[in-house]
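Only one structure is covered here, and it is reproduced in the block below.
Any read-out appearing in this document is the output of simple, stated calculations on the displayed coordinates, not a laboratory observation. This structure is a prediction, so every number in the text was calculated from the model and none was measured. When we count neighbours, we look across all protein chains shown, and the Cβ atoms used for this are built from the backbone with ideal geometry, even at glycine.
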Amino acid sequence: MKEKLIKMALDARRGAYAPYSHYQVGAALLADDGGIFTGCNVENASYGASCCAERTAVFRAVSEGKRRFLTIAVAGGLEGREPAEYAWPCGICRQVLREFADGNKMTVIVAKSVSDYKEYSLNELLPNSFGGESIQ
Ligand code: THU
C-alpha cells in the first residue's frame, strides 16, 4: 500500500498548477474505508489563495463523505525534476490532517521515490496539537 500511495502522489504531482513557485507537489490520501484521494498544489496570482496538495486531497475526500484518514504520501520538488528533497507538509496541512485523523495512528510518508521515503506519525509532526475536543 505504501508503494501504491507514493506512486499515486508522484503521479498526482503532474497535475500541479504552480506557475509562480515552480514547486510541484502531489499527495495521495488513504481513507479508513480503503478509498484513495489524490491532490496537487493549485496556485493563484493572489498567492494567499493557493492551496497545497495535501489540502486538495483532504478536501476532495471530505467532500466525497470521507471523515477518517490513515495514511498520506507526499512528493514534491521543482518543476521538471524528480523530487530532490522530502516535501514536508506545511503547518496548515498538518492541522487540517489532524482534524480527520488519530494523530498516533496516521502515517505521513514523505517520498522522493518509491524506494526513497521516510515515514512519521502525524503526532510526531504536530505534537501537542489543538483539536475540536478542546472546544466542545
Ligand atoms: N506546498 C504544498 O503543496 N504542500 C506543502 O505542504 C507545502 C507547500 C505548495 C504550496 C505552493 O504551491 C508551493 O508548494 C510552494 O510553497
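Would you please classify the overall shape of the stretch 1-47 from the alpha carbon gyration tensor, given that a ≥ b ≥ c denote the square roots of the eigenvalues, rounded means a/c under 1.5, and beyond that prolate means a/b larger than b/c while oblate covers the rest?
prolate
Using label points projected 7 Å from each Cα along Cα→Cβ, tell me how many nm separate residue 50 and residue 84, to one decimal.
Distance between label points: 1.7 nm.
Only Cα pairs within less than 10 Å get springs; with that Gaussian network setup on the chain, which residue of 82, 64, 54 has the largest fluctuation?
Largest GNM mean-square fluctuation: 64.
Among the lysines, select those whose C-alpha is under 19 Å from the C-alpha of residue 112, and discard any that sit fewer than 8 residues away in the same chain.
By straight Cα distance, residue 112 reaches 2, 4, 7.
Cα centroid distance between the stretch 96-136 and the stretch 14-90, in Å?
Cα centres, the stretch 96-136 to the stretch 14-90: 15 Å.
Considering the chain as a Gaussian network with a 10 Å cut-off on Cα pairs, which listed residue, 39, 91, 26, attains the greatest mean-square fluctuation?
91
Want the number for residue 134 to residue 3: 0.36 nm per residue separation, take away the alpha-carbon distance, what's left?
Gain on stretching residue 134 to residue 3: 43.6 nm.
What's the ranking of 30-36, 130-136 by average number of surrounding C-beta atoms within 10 Å, highest first?
30-36, 130-136
Quick one: grab the alpha carbon gyration tensor of the stretch 1-123, order the square roots of its eigenvalues as a ≥ b ≥ c, and give me rounded if a/c is under 1.5, else prolate or oblate depending on whether a/b is larger than b/c.
Oblate, since a/c reaches 1.5 and b/c is not below a/b.
State to the nearest 20 debye the size of the charge dipole of the chain about its Cα centre, where the only charges are +1 on K and R beta carbons and -1 on D and E beta carbons.
120 debye
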